[in-house]
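In what follows, a single structure is set out as structure tokens and then discussed.
The values are calculated or read from the model by the stated rules, or taken from the named source; none is laboratory data. Here the structure is a predicted model, which means the values were calculated and not measured. All Cβ positions, even for glycine, are placed from backbone atoms using ideal geometry, and neighbour counts span all protein chains on display. Note: accessible area is taken over every heavy atom of the protein model, side chains too, but ligands, DNA and RNA are not part of it. Shrake-Rupley method; radii C 1.70, N 1.55, O 1.52, S 1.80 Å.
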Amino acid sequence: MENSENTPFDYSPIALRLVDALLDQGTPAHIANAFARVPRHRFLLRTFRGEDRTRYDRDTDPAGWLAAAYTDRALTTQTDDGGAGGMGVPTSSSSAPAVMARMLTAADL
């Protein structure tokens, strides 16, 4: 299993913990299991911020970056519309997996 830089990451154990959390919240199994098969980290940038504004960097802390990628939290992928020197206002994110799961469940796939 790899990230976009072809660095091997075994994300399976943490992805399965995320699946268990989604199942505990009532997510249908076929939706929750998709979160184990689709590597969330491949859709994230080299750096992002957690809900508490903690900065995660794949290059300096790959394990922390990967662990944060599989939390059930929204991850900020851009601030200030990508401009420099702003106030750090989130303008793009990867939604929390539980939110994604609810949307997929509502779509009745």
Problem - Potential extension, Arg53-Arg37 segment - 0.36 nm per residue separation minus Cα distance - result: 3.0 nm
Completion exercise
Largest fluctuation, Gly85, Gly50, Gly26 only, Gaussian network model of the chain with Cα springs under 10 angstrom, belongs to Gly85
Fill in the blank from the handout: Residues whose modelled amide H sits under 5 Å from the amide H of Gln78, counting only those 5 or more places away in sequence or on another chain, are Thr91, Ser92
Problem - Given charges at beta-carbon only (K, R positive; D, E negative), |dipole| of the stretch 11-107 in Debye - result: 220
Exercise for the section: For an R0 of 22 angstrom, estimate the FRET efficiency from the Cβ-Cβ distance between Thr60 and Ala84 and round to the nearest 0.05. Expected result: 0.60
Exercise for the section: Pop out the ³J(HN,Hα) list for the stretch 75-90 in order, Karplus 6.51 cos²θ - 1.76 cosθ + 1.60 with θ = phi - 60°, rounded to Hz; leave Gly and Pro as x. Expected result: 10, 6, 9, 7, 10, 6, 6, x, x, 8, x, x, 8, x, 6, x
Practice task
Determine the share of the chain's accessible area contributed by carbon and sulfur atoms, expressed in whole percent, with a 1.4 angstrom probe.
Solution key: 52
Handout entry: Farthest toward positive dipole pole in the stretch 11-107 [+1 Lys/Arg, -1 Asp/Glu at C-beta], among Leu22, Gly50, Asn33
Key = Asn33
Exercise for the section: Can you work out the accessible area per residue across the stretch 11-107, with the rest of the protein chains kept in place, probe 1.4 Å, in square angstrom? Expected result: 57
Problem - Computed [θ] at 222 nm, helices only, for the chain once each DSSP H run of length n ≥ 4 contributes -39500 (n - 2.57) - result: -11000 deg cm²/dmol
Practice task
Round to the nearest 10 and give me the degree value, 0 to 90, for the angle of helix 12-24's Cα axis relative to the longest principal axis of the chain.
Solution key: 60
Problem - Distance histogram for the stretch 11-107 (every C-alpha pair counted, 5 angstrom bins, percent rounded to whole numbers) - result: 2, 14, 23, 22, 18, 11, 6, 3, 0
Handout entry: Choice from Ala15, Ala98, Ala67 with maximal GNM fluctuation in the chain (Cα, 10 Å cutoff)
Key = Ala67
Problem - Residues whose placed amide H lies under 5 Å from that of Phe9, excluding near-sequence neighbours - result: Glu2, Asn3
Exercise for the section: Tell me which residues come under 5 Å, amide H to amide H, from Phe48 once H is placed; ignore anything under 5 positions away on its chain. Expected result: Tyr56
